[in-house]
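*Asks:* Got a structure for you, questions after.
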Amino acid sequence: MAKKNERDTKRCHGGVTRRGFLASVGASTVGAVVASRAAAAPAQQRESLEGMVPCTLKINGRHHSLLVEPRWSLLYVLREELGLTGTKQGCERGECGACTVLVDGVARYACLTLALEVQGHAVTTVEGLVVDGQLSAVQQAFVAEDAFQCGYCTPGQVMAAEALLRANPAPSDEEIREGMSGNLCRCGAYDHIVKAVRRAAAARRAGGAR
Amino acid sequence: MMPNFEYVRPTTVAEVLTRLAAGGARLHAGGSDLLGCLREGILVPSSVVSLSGVAELRGIGELAGGELRIGATTTLTEIASHPLVRQRYPGLAQAALLVASPQLRNQGTLGGNLCQKPRCWYYRGSFQCARKGGDTCYAYAGENQYHCLFGGETCYYVHPSDLAPALVALEATAHILGRGGRRVVPLEQFFLLPGQDFQHETVLEHDEILAEVVLPAPRPGAAGVYRKVRERGCWDFALVGVAVWLARSAGVVEQVRIVLTGVAATPWRARAAERLLLGRKLDAALAARAGVAASEGAHPLAHNAYKVPMLRGLVEEALRSLA
Ligand SMILES: Cc1cc2nc3c(=O)[nH]c(=O)nc-3n(C[C@H](O)[C@H](O)[C@H](O)COP(=O)(O)OP(=O)(O)OC[C@H]3O[C@@H](n4cnc5c(N)ncnc54)[C@H](O)[C@@H]3O)c2cc1C
Ligand code: FES
Ligand code: FES
């Protein structure tokens, strides 16, 4: 079970989780935090950084420089190192779609992607679809069509829909079902999801919507 | 969690080969099968050598003699949507489009698809099965509904790939690079049955890579199709899959290859069915007889006998679609 603890040292001093801490300081400072941790580590502590390598990622238009272990998945780095928890972890084996992100505009599972592999490419997560506080056309359509129940699969569904519409602005219902076939919804909101994608496609074609 | 490893991303094949020769290395193409194997402890490499930086391994192009070359790191999405593939080798485009899900096709590559590890749930699970160095194939007496009908011998997994049967049907060749240079192997001989080699699924040595696959120039009057049955309508491995390629002259079958997946540890040629078709005109009645012939030699295990009528029906249906 390689579930949550991709890394052994999850809890930091005083019982604050690393993720909670990062969320409180905001993702923008993460690079600095990680880098200074490396720089400040006394010689014998540096042992624990052994096996870590520098990694530069471009996520939602912003560059992050951090140290990673080669085995860390993009999903792990997004959620646990950068605090971008919009991308969800489900199966961690390419069987649910909850972790879907875009790499150079193309949908892919972050759980089966090494963070080091996407260096030099542009990663977009669900957080990156929001511009100036405005939800994207796909996000708005999911709200308008009530295309979820518990919402756990939703970020992955939204990213799959975004990728589909970028590649095919006017998909048929069959193409929508095919394009969305790599995302499971445990709550069974499929009909509403198809409607939401249809609505988003129309809104984007009508212009103005992003 | 998966053990850590060293990660390198060379930009030339020569560098990749040097890394492999050093030992303990495993190739990473799209990573969609590899990461699962690392998490499950099936593979424990000390270094992972990424192919994503090697430009020469990627892409589809026509060669001087009309053959089509597909680089090993070309994605399944690229194969499924390439105009030349769709036009000249429709069975291959269909097979690529029926693999897994859109995300996995964007990520998964030709080489990774052909070199993926078996999906047997005992092998992937925490069983020290024969394939992992134990002394029992748990599937043989256990839950074997997804296991093989043909060619099983002390290990009973099935080949999981949809591309492999489509490419074998097209008489594709595998171009392998190693430190000794290039060798070319008919793709049909690229895969190994457990009886041929118990530890390896392909003829690749540890210091070799699959560089590209080459398809012969299309033949006039040829037609091909790929069909697969799975438990749900998408995102699932084949229970049974079949690729058919045939060439006719004045309606008479002159050449034919029928290759099954999901029923053996390698793509499996239904030779009795092929023989039946040769020199005859394909019609519905012949298609049905060929379906039955395709199951000749099947040895069902306790829970997979359902695959016999399934493969008969599938072969018949595929042939009828070409009649
Ligand atoms: C949920 C799920 C469903 C799936 N369903 C299907 C399906 O329906 N049909 C189907 O065909 N497949 C299916 N697959 C398998 C999928 O297609 C493969 O995982 C994928 O094609 C592997 O390609 P990759 O580039 O990601 O390979 P990687 O994961 O990078 O590599 C796979 C293996 O091949 C080796 N390798 C990679 N490239 C080379 C090379 N050039 N030379 C030598 N060795 C190499 C690697 O070392 C590794 O061991 C499914 C996978 C998942 C996770
Ligand atoms: S968490 Fe990646 S597909 Fe399920
Ligand atoms: S809304 Fe609950 S899993 Fe999709």
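*Asks:* Across peptide A:102-114, how many C-beta atoms of other chains are within 10 Å of each residue C-beta, on average?
*Replies:* Partner-chain Cβ atoms within 10 Å, mean over residues of A:102-114: 5.
*Asks:* Let me ask something additional. So, R0 is 30 Å and r is the distance between the beta-carbons of residue A:168 and residue B:189; what FRET efficiency does that work out to, to 0.05?
*Replies:* Working from the Cβ atoms, E equals 0.15.
*Asks:* Under the rule of at least 5 residues apart or a separate chain, name every residue whose amide H is placed under 5 Å from the amide H of residue B:27.
*Replies:* Residues meeting the criterion, in which the H sits 1.01 Å from N, are B:49.
*Asks:* Run the helix sum for chain B: -39,500 (n - 2.57) per DSSP H stretch of 4+ residues, divided by residue count, reported at 222 nm to the nearest 500 deg cm²/dmol.
*Replies:* -7500 deg cm²/dmol
*Asks:* Let me ask something additional. Mind giving me the nanometre distance, one decimal, between the label points for residue A:62 and residue A:144, set 7 Å out from Cα along Cα→Cβ?
*Replies:* Computed distance between label sites residue A:62 and residue A:144 equals 2.9 nm.
*Asks:* Specify which residue in the list A:67, A:122, A:90 is farthest towards the positive end of the charge dipole of the stretch A:52-125, using unit charges on the beta carbon of Lys, Arg (+1) and Asp, Glu (-1), about the Cα centre.
*Replies:* Among A:67, A:122, A:90, the one farthest towards the positive end of the dipole of the stretch A:52-125 is A:122.
*Asks:* Still on this structure: Taking the alpha-carbon centroid of each part, what is the distance from the stretch B:196-214 to the stretch A:190-210 in angstrom?
*Replies:* Centre-to-centre (Cα) distance: 46 Å.
*Asks:* Contour minus end-to-end for residue B:206 and residue B:55, with contour as 0.36 nm per residue of separation and end-to-end as the Cα-Cα distance?
*Replies:* The residue B:206-residue B:55 span can extend by a further 52.2 nm.
*Asks:* Taking a temperature of 20 °C and a viscosity of 1.002 mPa s, what whole-number D in µm²/s does Stokes-Einstein yield for the stretch B:63-172 with Rh from Kirkwood over alpha carbon pairs?
*Replies:* It comes out at roughly 137 µm²/s.
*Asks:* What is the local net charge at residue A:151, summed over the other residues whose Cβ is closer than 12 Å to its Cβ (Lys, Arg +1; Asp, Glu -1)?
*Replies:* Neighbourhood net charge equals +1.
*Asks:* Now for a different question. If you take the alpha carbon radius of gyration of the stretch B:166-257 and divide it by 2.2 N^0.38 Å, what ratio comes out, to two decimals?
*Replies:* 1.33
*Asks:* I need the phi-derived Karplus couplings for the stretch A:165-178: 6.51 cos²θ - 1.76 cosθ + 1.60, θ = phi - 60°, integer Hz, Gly and Pro marked x.
*Replies:* Whole-Hz 3J(HN,Hα) from phi for the stretch A:165-178: 6, 5, 7, 9, x, 10, x, 6, 4, 5, 5, 5, 4, 5.
*Asks:* Restricting to Cα pairs below 8 Å that are 6+ residues apart, what does the relative contact order work out to for the stretch A:52-125? Please round to a whole percent.
*Replies:* It rounds to 38 percent for the stretch A:52-125.
*Asks:* Output the relative contact order of chain B, whole-number percent, from Cα pairs under 8 angstrom with separation of 6+ residues.
*Replies:* Relative contact order of chain B: 17 percent.
*Asks:* Under 1.5 on a/c is rounded, so check that first for the stretch B:1-112, then, if it is not, pick prolate when a/b is larger than b/c and oblate when it is not; a ≥ b ≥ c are the square roots of the alpha carbon gyration tensor eigenvalues.
*Replies:* Oblate.
*Asks:* Let me ask you something else. How large is ³J(HN,Hα), in whole Hz, for each residue of the stretch A:64-79 in order, when computed from phi with the Karplus curve 6.51 cos²θ - 1.76 cosθ + 1.60 and θ = phi - 60°, using x for Gly and Pro?
*Replies:* Listing the rounded values in order: 10, 10, 8, 9, 10, 7, x, 6, 5, 7, 4, 4, 4, 5, 4, 7 Hz.
*Asks:* Give the dimensionless ratio obtained when the Cα radius of gyration of chain B is divided by 2.2 N^0.38 Å.
*Replies:* 0.98
*Asks:* In whole Å, what are the Cα extents of the stretch A:130-210 along the three principal axes, biggest one first?
*Replies:* That works out to 33, 29, 17 Å along the principal axes.
*Asks:* Is the C-alpha gyration tensor of the stretch B:181-227 telling us rounded, prolate or oblate? Criteria: a/c under 1.5 is rounded; beyond that, a/b larger than b/c is prolate, otherwise oblate.
*Replies:* Because a/c hits 1.5 or more and a/b fails to exceed b/c, the stretch B:181-227 counts as oblate.
*Asks:* Divide the volume of the convex hull of the Cα atoms of the stretch B:92-230 by its number of residues and quote the answer in cubic angstrom per residue.
*Replies:* That works out to 138 Å³ per residue.
*Asks:* Explain nothing, just compute: Karplus ³J(HN,Hα) = 6.51 cos²θ - 1.76 cosθ + 1.60, θ = phi - 60°, for every residue of the stretch A:143-160 in order, whole Hz, x for Gly and Pro.
*Replies:* Result, rounded to whole Hz: 5, 4, 8, 6, 8, 6, 10, 6, x, 5, 7, 4, x, x, 4, 4, 5, 5.
*Asks:* Provide the packing ranking of B:157-166, B:12-21, i.e. peptides ordered by the mean count of other C-beta atoms within 10 Å per residue, highest first.
*Replies:* Ranking the peptides B:157-166, B:12-21 by packing returns B:157-166, B:12-21.
*Asks:* For the stretch B:222-322, count all C-alpha to C-alpha pairs, find those more than 17 Å apart, and express that count as a whole percent of the total.
*Replies:* Of all Cα-Cα pairs in the stretch B:222-322, 47 percent lie more than 17 Å apart.
*Asks:* Quick one: if the Förster radius is 45 Å, what FRET efficiency do residue B:219 and residue A:50 give, using the C-beta to C-beta distance and rounding to 0.05?
*Replies:* My answer for the efficiency is 0.20.
*Asks:* Another question about this same structure. Considering all projection directions equally, how large on average is the shadow of the alpha-carbon convex hull of the protein assembly as shown, in square nanometres?
*Replies:* The Cα convex hull of the protein assembly as shown, projected and averaged over all directions, gives 27.1 nm².
*Asks:* On a 32 Å Cα-Cα criterion, which of the cross-link pairs B:281/B:307; B:132/B:307; A:58/B:228; B:228/B:281; A:195/B:117 come out too long?
*Replies:* Pairs exceeding the cut-off: A:58/B:228; A:195/B:117.
*Asks:* Another question, if that's okay. For the stretch A:52-125, just list the percent of Cα-Cα distances falling in each 5 Å bin from zero outward, please.
*Replies:* So the P(r) values, bin by bin, are 3, 18, 32, 28, 14, 4, 0.
*Asks:* Among B:312, B:69, B:86, determine the one that fluctuates most according to a GNM of chain B built with springs between C-alpha atoms less than 10 Å apart.
*Replies:* B:86
*Asks:* Using a 10 Å cut-off on Cβ to Cβ distances, tally the other chain neighbours for every residue of A:92-99 and report the average as a whole number.
*Replies:* 4
*Asks:* Here is a further query. Explain nothing, just the number: relative contact order of the stretch A:102-210, from Cα pairs under 8 Å at least 6 residues apart, as a whole percent.
*Replies:* It rounds to 32 percent for the stretch A:102-210.
*Asks:* Follow-up question, since we're still on this one. Return the long-range amide H neighbours of residue A:73 (sequence gap of 5 or more, or a different chain), with a cut-off of under 5 Å between placed amide H atoms.
*Replies:* A:115
*Asks:* Amide H to amide H, which residues 5 or more places from residue B:240 or on other chains are under 5 Å from it, using H placed in the peptide plane?
*Replies:* When sequence neighbours closer than 5 places are left aside, the close amide H contacts are B:229.
Bear in mind that the values in this text are calculations on the coordinates, not laboratory data. None of the values given here were measured: they were computed from a predicted structure. Ideal geometry is used to build each Cβ from the backbone, glycine not excepted, and the neighbour counts take in all protein chains shown.
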